[in-house]
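The structure appears below as structure tokens.
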Protein chains: 2
Amino acid sequence: MGNRDIKVYKDLMGENSLWAEKIRNLLTEKKVMMVNIIGSPGCGKTSLLEKIASTYADKKDFAVLEGDVETTHDAERLDALDVPVSQLLTSGACHLEAKMVYQALSDLSLDTLNLVIVENVGNLVCPAEFDIGEYAKIAVLSVTEGEDKPVKYPLLFREAKAVVLTKTDLLPHLPFKKDVCLDYMRKVNSTVPIFEVSSVTGAGISSFVDWITSLG
Amino acid sequence: MGNRDIKVYKDLMGENSLWAEKIRNLLTEKKVMMVNIIGSPGCGKTSLLEKIASTYADKKDFAVLEGDVETTHDAERLDALDVPVSQLLTSGACHLEAKMVYQALSDLSLDTLNLVIVENVGNLVCPAEFDIGEYAKIAVLSVTEGEDKPVKYPLLFREAKAVVLTKTDLLPHLPFKKDVCLDYMRKVNSTVPIFEVSSVTGAGISSFVDWITSLG
């Protein structure tokens, strides 16, 4: 007693992880890069995608998967720009899971694509916890949300391979202290690249597109 | 076979509902009104509470329970205004559950209070699904989030007994179409009172405080 060799078994790979692994294998086989864009409702994720679509050299080169609780509004906005897009409706769930993403990916013409951008459900908490087989999670935060979100919702900012600070055109009208916000970001993720952009003026968009296209 | 009287049992009252019921009983006994404020990260919930604190006739009359994933930033902001406040940290969870709220409520001096305002975790999805024994859910949406959030996250707006549209001081700087947003709100909840406020200028705050103090 006390010195027995106790074996411990844990469910290391739940169902979501298995589907995420299938996605990773599919993307590797097809040589497609996939990123997972996560941020609050209304932080400017879809507007950012619209600007990427306008900036990206070859629109037929990338596709978008739009995650939402309800409505096809966001997919319609990308479709209007001739970007291949599918809408993933979660029917109440607060995040995308890998199984749904795998199904949508399998319906795309992956042979002709280089990049798939997934826009997750607007939420700073749960989407950060779910692996959907992406190469990179990208955190989106708008300057209207206040400085302290990186420390209040640290998981996303810790896991992110890039942070996009949006709506910088509104800075003159806000009490937002950018340096304080950047310090908070550095506190949870000291090395993450941070892109300051405005989808209204277009400022900073090309740098972010350059970063995305350099992935892989 | 085929005509048997099959009994179906369901867990009609999960553990959260039981705690929510205990909260309702406690609040009824103590004659305290409790509201549950729900909105995206950075939509202005805490700033709204600060303005309520400055406007409310007797600060010792109400208390605040601050829900967050991490940090005590929000509780510190209310404490600085001499409002009785406790911080509820969910350690990663995306919403408050009734058990934690019950524990925090039990520690308050309920005999001397008339109103408890709970600020839920910043999230438009999950907090709307969890009954914490409140009299009313209040949806907070900022004009920076875009017009279509009520139809993209309909559960909250359907359940809300009031909607607060915040940051109206920024309207001159935004492409936000207020009439479109109000139409979307009416689509999911045709009768809910809607308060348009700015915590920067103070516009609309007193009407909302009048509404809260008239509850019960």
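The values are calculated or read from the model by the stated rules, or taken from the named source; none is laboratory data. Bear in mind that the values here come from a model prediction, so they are computed numbers and not experimental data. Ideal geometry is used to build each Cβ from the backbone, glycine not excepted, and the neighbour counts take in all protein chains shown.
Observations on the model:
- Selected residue (criterion: nearest to B:M185 (Cα to Cα)) from residues of region B:147-162 that are aliphatic (A, V, I, L, M) and surrounded by fewer than 24 Cβ atoms within 10 Å (Cβ to Cβ): B:V151
- All positions within region B:187-212 that are on the phi > 0 side of the Ramachandran plot and in contact with a Lys or Arg (Cβ under 7 Å, 6 or more places away or on another chain): B:G202
- Scanning region A:183-212 for residues that are out of contact with any helix residue (DSSP H, G or I) (no Cβ under 9 Å at 6 or more places or on another chain) and either under 10 Å from A:V143 (Cβ atoms) or in contact (Cβ under 8 Å) with a residue 12 or more places away in the chain (or both) yields a total of 2.
- Meets criteria (more than 10 Å from chain A (Cβ to nearest Cβ) and over 19 Å from A:G92 (Cα atoms)) for B:A162: yes
- Within region B:47-58, considering residues that are out of contact with any helix residue (DSSP H, G or I) (no Cβ under 7 Å at 6 or more places or on another chain) and either surrounded by fewer than 23 Cβ atoms within 10 Å (Cβ to Cβ) or outside any helix (DSSP H, G or I) (or both), the one modelled with the highest pLDDT: B:S47
- Members of region B:92-124 that are of a type in the set (V, I, T), at pLDDT below 95 and closer than 25 Å to A:Y153 by Cα: none
- Yes/no for B:L88 being within 14 Å of chain A (Cβ to nearest Cβ) and either in contact with a strand residue (DSSP E or B) (Cβ under 8 Å, 6 or more places away or on another chain) or closer than 18 Å to B:I138 by Cα (or both): yes
- A:K167 farther than 25 Å from A:G204 by Cα, modelled with pLDDT of 95 or more and within 14 Å of chain B (Cβ to nearest Cβ): no
- Of the criteria (1) closer than 21 Å to B:A93 by Cα; (2) within 12 Å of another protein chain (Cβ to nearest Cβ); (3) crowded, with 24+ Cβ neighbours inside 10 Å, which one B:F130 fails: (3)
- If only residues of region B:1-46 that are among the aliphatic types (A, V, I, L, M) and in a loop (DSSP other than H, G, I, E, B) are counted, the one that is modelled with the highest pLDDT is B:V32.
- Checklist (1) surrounded by fewer than 20 Cβ atoms within 10 Å (Cβ to Cβ); (2) of a type outside the set (D, E, K, R); (3) more than 10 Å from every other protein chain (Cβ to nearest Cβ); (4) under 14 Å from A:A203 (Cβ atoms) applied to A:L182, failing item: (4)
- Residues being more than 14 Å from chain B (Cβ to nearest Cβ) and in contact (Cβ under 8 Å) with a residue 24 or more places away in the chain - total across region A:58-81: 9
- Residues that are of a type in the set (D, E, K, R) and buried (at least 17 other Cβ atoms within 10 Å of the Cβ), drawn from region A:77-125: A:R77, A:E97, A:E119
- Residue match in region A:200-208 (condition: at pLDDT 95 or above, part of a helix (DSSP H, G or I), within 26 Å of A:H73 (Cβ to Cβ) and within 12 Å of another protein chain (Cβ to nearest Cβ)): no
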